[in-house]
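Worksheet: one structure, shown below.
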Amino acid sequence: MPLSYGCLHGRIMKCLTFFLLLPETLRQSKKSVKSNGKIPACCEIVPPSLKKMAAEVYPGSANTSITNSNSTAVTTNTKKNALQLQQSPPPPPPQLQNLNNNNIESNNWQSFHPTLRERNALMFNNELMADIYFIVGPPGASKRVPAHKYVLAVGSSVFYAMFYGDLAEVKSEIHIPDVEPAAFLILLKYMYSDEIDLGADTVLATLYAAKKYIVPALAKACVNFLETSLEAKNACVLLSQSRLFEEPELTQRCWEVIDAQAELALMSEGFCEIDQQTLEIIVTRETLNIKEAVVFQSVINWAVAECRRQGLPITPRNKRKVLGKALYLVRVPTMTLEEFADGAAQSDILTLEETHNIFLWYTATNKPKLEFPLTKRKGLVPQKCHRFQSSAYRSNQWRYRGRCDSIQFAVDKRIFMAGLGLYGSSCGKAEYTVKIELKRQGLVLAQNLTKFISDGSSNTFSVWFEHPVQVEQDTFYNVSAILDSNELSYFGQEGMTEVQCGKVTFQFQCSSDSTNGTGVQGGQIPELIFYA
């Protein structure tokens, strides 16, 4: 029988209502199956393709309530829920904790970091998308570090060859026992983010890692860090490392410090930690500014430390054994007789024959042949910066009653301040007691209480600090002298604000510490004595 339009429309509406009610029916049917194990008839007649379509249109997680009697409520609730979703802000994305304790968003984190550098930095030490792992450090102290081959390969030719070269690694883990974990993380952090985070305890290990994986910018940063932290107590250790890493600029800087501050450098704990080849190179250095008795004592200190490292009893025989030929590089005959008698002769490290021959060398006309070098070291030649163009004296000047003469100075290159040149009496021979001092921003860097005797001329007379002091460039320092004497002295005049002395330029300005009249234009402290 043909169907009328109204009948056909009615059937279509029933079908639509059936599909709209299908998710609720399916949920109820699932509950029914769980309760009695029977499949309802409505489920049996629904084709699988329609079941799938219904599930896609109405996911099982939807919370909208749909009833058979009120389809309008369905539409109203849906619009209301959509409006609430538009008005309420989206929840913050959940976060994933990486191995380096940096929070990384796991959902849509890319949209929160607009730059490539920021997104790369988030991947540092992060297992997310990691395709290679490193076991870094010696056995028992190693750490597992995740990484990404592409990032490492674009930052290092060594890693490129490792991952994409003809002999590329196919392992998922690579062992690196010769690099410290902290240094390897600094290397990776730089490759992911261009950030360099160096410390005194990690810089040498990081330099090794940067050299091993050919990352020159990081290696340069390490060298710059070492240069700024270089001082007498670590100069010998850094010299040894700079030779190992083939860093000629750092080597030269180390030699500058060791030459000028040789006694501090050789008597430091760091000197006892160097290798034997570096020991021999230092002991043969011609320009060491040091007494030979101090060189001898520092070599003995190194021998004691080396015996401990090798697990040997500390005996004269073992000390000679570990020193080898280094003992015969010390210029023992250049000591004074008193220095030798009070030091090396009583050290027990020299044989009786050696001690006897050295004494004869000092005293006998027919000197025996010695195995030690006989020529004295040249040391460093001190330079003097003279800041006055002339000097003068008057009947009522320059008088001292414990007041301070002071001047400020700065240099354009690093130097080592060794002492001061001072004017003496204008009335004949006289003795002065003087306290000299070097300060930076109020902090005393060096001082010495000493005496000098003037001869009545307008010459300058040198007084020295106990040890040369490193003076950095482009920073003002304050140098002062407090003289004690009843005698009047010469004084300088026509002072200069800028003086070129060799390759170093000095700038002078008045000091607030000066209470005796010394300033840029005139007064005391005509000379600064330094090494450069």
Q. Taking the condition open to solvent by 60 Å² or more (accessible area, probe 1.4 Å), more than 30 Å from GLN470 (Cα to Cα) and at pLDDT 95 or above, does HIS386 pass?
A. no
Q: Would you point out which residue out of GLN310, GLN346 is within 35 Å of the chain's Cα centre (by Cα), more than 30 Å from LYS413 (Cα to Cα) and open to solvent by 70 Å² or more (accessible area, probe 1.4 Å)?
A: GLN310
Q: Among what's in region 503-532 and is more than 23 Å from CYS427 (Cβ to Cβ) and aliphatic (A, V, I, L, M), pick the residue that is surrounded by the most Cβ atoms within 10 Å (Cβ to Cβ).
A: LEU528
**Q.** Residues that are outside any helix (DSSP H, G or I) and open to solvent by less than 30 Å² (accessible area, probe 1.4 Å), drawn from region 326-342
**A.** VAL330, ARG331, MET335
Q) Taking the condition surrounded by 17 or more Cβ atoms within 10 Å (Cβ to Cβ), under 22 Å from the mean Cα position of the chain (by Cα) and not assigned by the TED database to the domain that holds GLU472, does ALA265 pass? A) yes
Q. Hey, among the residues in region 148-167 that are under 24 Å from the mean Cα position of the chain (by Cα) and under 14 Å from ASN120 (Cα atoms), which one's most open to solvent (accessible area, probe 1.4 Å)?
A. GLY155
Q) When you go through (1) surrounded by 14 or more Cβ atoms within 10 Å (Cβ to Cβ); (2) modelled with pLDDT of 95 or more one by one for GLN500, which number turns out not to apply? A) (1)
(Q) Looking at SER242 and the list (1) open to solvent by less than 10 Å² (accessible area, probe 1.4 Å); (2) at pLDDT 95 or above; (3) over 27 Å from ARG119 (Cα atoms), which single condition is not satisfied? (A) (2)
Q: Answer yes if at least one residue in region 184-191 is β-branched (Val, Ile, Thr), under 20 Å from GLU127 (Cβ atoms), assigned to a helix (DSSP H, G or I) and in contact (Cβ under 8 Å) with a residue 12 or more places away in the chain, and no otherwise.
A: yes
Q: Select, from VAL257, VAL294, the only residue that is under 30 Å from the mean Cα position of the chain (by Cα), closer than 30 Å to TRP464 by Cα and part of a helix (DSSP H, G or I).
A: VAL257
Q. In region 286-331, which residue that is of a type in the set (A, V, I, L, M, F, W, C) and touching a residue at least 60 places away in the same chain (Cβ under 8 Å) is nearest to ASP348 (Cα to Cα)?
A. ILE290
Q) Quick check: anything in region 411-421 open to solvent by less than 40 Å² (accessible area, probe 1.4 Å), among the β-branched types (Val, Ile, Thr), within 46 Å of the chain's Cα centre (by Cα) and not assigned by the TED database to the domain that holds THR505? A) no
Q) Which is touching a helix residue (DSSP H, G or I) at 6+ places or on another chain (Cβ under 9 Å), open to solvent by 20 Å² or more (accessible area, probe 1.4 Å) and closer than 23 Å to SER242 by Cβ, of GLU354, GLU280, GLU371? A) GLU280
Q) In region 108-130, how many residues are in a loop (DSSP other than H, G, I, E, B), without any contact (Cβ under 8 Å) to a residue 24 or more places away in the chain and either touching a Phe, Trp or Tyr at 6+ places or on another chain (Cβ under 6 Å) or of a type outside the set (Gly, Ala, Ser) (or both)? A) 5
Q. When region 358-390 is examined, which residues are found to be of a type outside the set (Phe, Trp, Tyr) and in a strand (DSSP E or B)?
A. GLN383, LYS384, CYS385, HIS386, GLN389, SER390
Q. Conditions: (1) open to solvent by less than 40 Å² (accessible area, probe 1.4 Å); (2) closer than 30 Å to SER240 by Cα; (3) among the hydroxyl-bearing types (Ser, Thr, Tyr). SER193 meets all but one. Number of the miss?
A. (2)
(Q) Name the single residue that is surrounded by the most Cβ atoms within 10 Å (Cβ to Cβ) among those in region 196-216 being β-branched (Val, Ile, Thr) and more than 24 Å from CYS236 (Cα to Cα). (A) VAL215
Q) What single numbered condition from (1) out of contact with any Cys (no Cβ under 9 Å at 6 or more places or on another chain); (2) outside any helix (DSSP H, G or I); (3) of a type in the set (S, T, N, Q) fails to hold for GLN277? A) (2)
Q. Which of the residues belonging to region 357-368 are open to solvent by less than 50 Å² (accessible area, probe 1.4 Å) and among the aliphatic types (A, V, I, L, M)?
A. ILE358, ALA364
Q | Which numbered condition LEU438 misses (of (1) crowded, with 16+ Cβ neighbours inside 10 Å; (2) touching a residue at least 60 places away in the same chain (Cβ under 8 Å); (3) outside any loop (DSSP other than H, G, I, E, B)) | A | (2)
(Q) So, ARG403, is that one open to solvent by 80 Å² or more (accessible area, probe 1.4 Å), more than 18 Å from PHE461 (Cβ to Cβ) and touching a residue at least 12 places away in the same chain (Cβ under 8 Å) or not? (A) yes
(Q) Considering only residues that are more than 26 Å from CYS254 (Cβ to Cβ) and touching a Phe, Trp or Tyr at 6+ places or on another chain (Cβ under 8 Å), which ones fall in region 404-424? (A) ILE407, GLN408, GLY421, LEU422, TYR423, GLY424
Q: Among residues belonging to region 466-492 that are open to solvent by 60 Å² or more (accessible area, probe 1.4 Å) and in contact with a strand residue (DSSP E or B) (Cβ under 8 Å, 6 or more places away or on another chain), point out the one that is farthest from THR450 (Cα to Cα).
A: ASP474
(Q) Looking at LEU323 and the list (1) of a type in the set (A, V, I, L, M); (2) surrounded by 19 or more Cβ atoms within 10 Å (Cβ to Cβ); (3) under 16 Å from ASP259 (Cα atoms), which single condition is not satisfied? (A) (3)
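The values are calculated or read from the model by the stated rules, or taken from the named source; none is laboratory data. Nothing here was measured: the structure is a model prediction, and the numbers come from that model. A quick note on method: Cβ atoms are made from the backbone with ideal geometry, for glycine too, and the neighbour counts reach across all protein chains shown. Accessible surface is based on the protein model in full, side chains and every heavy atom, while ligands, DNA and RNA are left aside. Shrake-Rupley method; radii C 1.70, N 1.55, O 1.52, S 1.80 Å.
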